[in-house]
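This structure is in structure tokens; I'll ask about it shortly.
The values are calculated or read from the model by the stated rules, or taken from the named source; none is laboratory data. Here the structure is a predicted model, which is why all the values come from computation and not from measurement. Reconstructed Cβ throughout: ideal geometry from the backbone, glycine too, with neighbour counts over all protein chains shown. Please note that ligands, DNA and RNA were not included when accessible areas were found on the heavy atoms of the full protein model with its side chains. Shrake-Rupley method; radii C 1.70, N 1.55, O 1.52, S 1.80 Å.
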Amino acid sequence: MGTWRPRAWAFVGCWMWILCALQHDIGAGSEQESTAPVSAGISEATASGMGQSATLAAVSLYPYGAKENDKEYVERSVDFNSPIFKPEIGFPFGKKLRDFLYFTDNGLIIFPALASDVFPYPSPPPGGFNGREKVPMVAVFWDNADFSKGVGTTFYQEFLTLNSAKHPLVRDVEAKIQRYLRTPYSAKWTLKITWEKAPAYSTQEPVGGTNTYQAVLTTDGLESYALRLYQEGSMQWDYTKLAATDVLVGYSSGDGLYRNDDLTRWPPAAKYRPDQFRGDGTDLRGLWLSRLESRVRVNYRTRCLDWVNMQHDPAVWNKDLPPCPCSLPRGALDHRYSRSSAGMADARVTMLFTSSPNQSGAGARCLYNSRNEFVDGWQERSWKHSRQASPSRDSELKMHDWCCHLAGSPQLCAKYSQKRPKVGCAGYRRSKQTTSSEEAEPSSGEGRD
């Protein structure tokens, strides 16, 4: 790497001298080779106009467009928003799992509380993020764009890798996280977004040039990361013709975690050319890498989905399982069912389970409210687990709790029901062999091993 000489820049203003010093400190990077065929590749280029003559390694965008099976989305209006994305496992950001996200034409990714809370947010705050924002967002290159004149477009693609082979792009993203952050990582959901030839918005004379850049969001359900990639030579807005030069790069979680990238504090000649600078957390020009979650210790959605993906079709094991009694007193008189107070955290709910398994070792569980009315029931692959004395030992009940309560997702509870079919009381007939009401009266320890 060449030696930096500030005297060569004596003819420029004081701000440029400071800028050059910053570039010398931040731009120092080493040449890297691609780790996968689809890797965000590296090209050799010479930084010009920033007082540095040494060659720096530059990142290229991941392949994108129709040939990569990306979906294109654009509206020929001053502002537009993408469709809503709903990661099944959620996206950890700050202290919470986020259920929804979308991106805007203005280089912003937003995580609304509700799928209906969709707004364009055209211009960034002049002072950047302050940690008091209510809406979580990632600013990839947040400034007012305008696709209404027929120029520019956006592309996106989701990669679901919870239980499937991983696309080379996902493997490369994993490799970069492991390399730069020195942490093991295996992605379960990844989203690639590309803004191609995005034009700037102007109220008066046209702003020359367009910008082409990318963002990749990825999570394993507990950790989450954002990669921001700026294509070399393709960040070309003429900032001298902008009404304001407040472009923002960074993020805010909506619950206190935030960062404004150092680049956004520099003069416009620098902050509107992120492709010319070494990115935060990497050793490449044009590549920024950030970790987004701060306190997500358990994700019951991923636990539920991991379990669902390991289960066989119920048709293999649920033959000849009976329906539930329509009331608790009826069930108490039916020798095919046993009563238990074990395994239910809610004391207002009473549980019956089949007294013996079917030929495949499966059984059924029936729940009744405080008025002895039937409220729910489902088939279970492992009959013996429903008889465990402690809820922590009752694996069948634990999976129901994960998928239908703790995950907070009706969709996951529906997936649980695909593997543990619902049982109703329709068609129930009391067995000819019944138990007397005196025999049915439970003792304090009944139902426990």
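What about K241, is it among the basic types (K, R) and at pLDDT 95 or above?
Answer is no for this residue.
Can you go through A113, A57 and tell me which one is over 23 Å from L292 (Cβ atoms), of a type outside the set (S, T, N, Q) and surrounded by 13 or more Cβ atoms within 10 Å (Cβ to Cβ)? Explain how you work it out, then say what you get.
Working: A113 fails: over 23 Å from L292 (Cβ atoms).
Checking each option against the conditions leaves just A57.
With the structure loaded, tell me whether T218 is at pLDDT 95 or above, hydroxyl-bearing (S, T, Y) and either within 21 Å of V170 (Cβ to Cβ) or crowded, with 21+ Cβ neighbours inside 10 Å (or both) or whether it fails that test.
Yes.
I've got another one for you. Being among the polar types (S, T, N, Q) and open to solvent by 60 Å² or more (accessible area, probe 1.4 Å) is the filter here, so list the residues in the range 63-94 that pass it.
Across the range 63-94, the qualifying residue is only N69.
Name the single residue that is farthest from P83 (Cα to Cα) among those in the range 159-182 being open to solvent by less than 40 Å² (accessible area, probe 1.4 Å) and in contact with a helix residue (DSSP H, G or I) (Cβ under 7 Å, 6 or more places away or on another chain).
T161
Name the single residue that is nearest to D246 (Cα to Cα) among those in the range 183-208 being touching a strand residue (DSSP E or B) at 6+ places or on another chain (Cβ under 8 Å) and open to solvent by 40 Å² or more (accessible area, probe 1.4 Å).
Result: Y201.
Moving on to the next point. Could you list, in sequence order, the residues of the range 369-386 that are touching a Phe, Trp or Tyr at 6+ places or on another chain (Cβ under 7 Å) and either modelled with pLDDT of 95 or more or open to solvent by 20 Å² or more (accessible area, probe 1.4 Å) (or both)?
Across the range 369-386, the qualifying residues are F374, V375, R381.
Let me ask you something else. Report, ordered by the first and then the second residue, all pairs with beta carbons closer than 9 Å, sequence separation of six or more or different chains, a first member in the range 335-357 that is within 14 Å of Q379 (Cβ to Cβ) and of a type in the set (V, I, T), and a second member that is open to solvent by 40 Å² or more (accessible area, probe 1.4 Å) and modelled with pLDDT of 90 or more.
T354/R336
If you don't mind, there's one more thing I want to ask. Given the conditions (1) basic (K, R); (2) closer than 19 Å to I177 by Cα; (3) touching a strand residue (DSSP E or B) at 6+ places or on another chain (Cβ under 6 Å), report the number of the one that R295 does not fulfil.
(3)
Anything in the range 95-106 that is over 12 Å from the mean Cα position of the chain (by Cα) and surrounded by 22 or more Cβ atoms within 10 Å (Cβ to Cβ)? List them, or say none.
First pass over the range 95-106, keeping only residues over 12 Å from the mean Cα position of the chain (by Cα): 95, 103-106.
Matches in the range 95-106: F103, T104, D105, N106.
Further question: Name the residues in the range 267-297 that are modelled with pLDDT of 95 or more and out of contact with any Gly (no Cβ under 9 Å at 6 or more places or on another chain), would you?
Those that are modelled with pLDDT of 95 or more and out of contact with any Gly (no Cβ under 9 Å at 6 or more places or on another chain): P267, P268, A270, K271, Y272.
Could you give every pair whose Cβ atoms fall below 6 Å, whose first residue belongs to the range 307-327 and is farther than 14 Å from A364 by Cβ, and whose second residue is open to solvent by 80 Å² or more (accessible area, probe 1.4 Å) and not charged (D, E, K, R), counting only separations of at least 6 or pairs across chains?
Close Cβ pairs satisfying both conditions: N309/N163.
hydroxyl-bearing (S, T, Y), free of Cβ contacts under 8 Å to residues at least 60 places away in the same chain, in a strand (DSSP E or B) and within 27 Å of N69 (Cβ to Cβ) - does that describe any residue in the range 152-163?
Keep residues of the range 152-163 that are hydroxyl-bearing (S, T, Y), which gives 153-154, 156, 161.
If we keep only those that are free of Cβ contacts under 8 Å to residues at least 60 places away in the same chain too, we end up with 161.
Now narrow it down to the ones that are in a strand (DSSP E or B): none.
Checked against the condition, which is being hydroxyl-bearing (S, T, Y), free of Cβ contacts under 8 Å to residues at least 60 places away in the same chain, in a strand (DSSP E or B) and within 27 Å of N69 (Cβ to Cβ), the range 152-163 yields no hits at all.
When the range 119-142 is examined, which residues are found to be hydrophobic (A, V, I, L, M, F, W, C) and open to solvent by less than 50 Å² (accessible area, probe 1.4 Å)?
Those that are hydrophobic (A, V, I, L, M, F, W, C) and open to solvent by less than 50 Å² (accessible area, probe 1.4 Å): F129, V135, M137, V138, A139, V140, F141, W142.
Still on this structure: If you check every pair at least six apart or on different chains, which have Cβ atoms under 7 Å apart with a residue in the range 231-242 that is under 16 Å from E205 (Cα atoms) first and a residue that is among the aromatic types (F, W, Y) and surrounded by 19 or more Cβ atoms within 10 Å (Cβ to Cβ) second?
The qualifying pairs are W237/Y272; Y239/Y272.
Further question on the same structure: Here is a check on your reading of the model: is A187 touching an Asp or Glu at 6+ places or on another chain (Cβ under 9 Å), closer than 20 Å to E68 by Cα, outside any strand (DSSP E or B) and free of Cβ contacts under 8 Å to residues at least 40 places away in the same chain?
Yes; evaluated as a whole, the condition is true for this residue.
Also, quick follow-up: Only residues in the range 276-304 that are under 19 Å from S252 (Cβ atoms) count as the first member; pair them with residues that are outside any strand (DSSP E or B) and aromatic (F, W, Y), Cβ under 7 angstrom, at least 6 apart or cross-chain, and list the lot.
Matching pairs, first to second residue: G281/Y180; L289/Y180.
Among the residues of the range 276-298, count how many are of a type outside the set (A, V, I, L, M, F, W, C) and surrounded by fewer than 23 Cβ atoms within 10 Å (Cβ to Cβ).
Selection size over the range 276-298: 10.
I would also like to ask the following. Of the conditions (1) modelled with pLDDT under 95; (2) within 30 Å of R98 (Cβ to Cβ); (3) open to solvent by less than 30 Å² (accessible area, probe 1.4 Å), A342 satisfies every one except a single condition; which number is it?
(2)
Any idea which of C304, C324 is crowded, with 19+ Cβ neighbours inside 10 Å, assigned to a loop (DSSP other than H, G, I, E, B) and at pLDDT 95 or above?
Working: C304 fails: assigned to a loop (DSSP other than H, G, I, E, B).
That would be C324, the only listed residue that is crowded, with 19+ Cβ neighbours inside 10 Å, assigned to a loop (DSSP other than H, G, I, E, B) and at pLDDT 95 or above.
Next up: What strands (runs of 3 or more DSSP E) lie completely within the range 58-141 and have 2 or more residues being within 26 Å of E223 (Cβ to Cβ)?
Passing ranges, in order: 91-93, 96-98, 108-110.
OK, next. Scan A270, A243 and give me the residue that is over 30 Å from the mean Cα position of the chain (by Cα), outside any loop (DSSP other than H, G, I, E, B), closer than 30 Å to F103 by Cβ and not basic (K, R).
A270
With the checklist (1) open to solvent by 70 Å² or more (accessible area, probe 1.4 Å); (2) at pLDDT 95 or above; (3) charged (D, E, K, R) in hand, flag the one item D25 doesn't pass.
(2)
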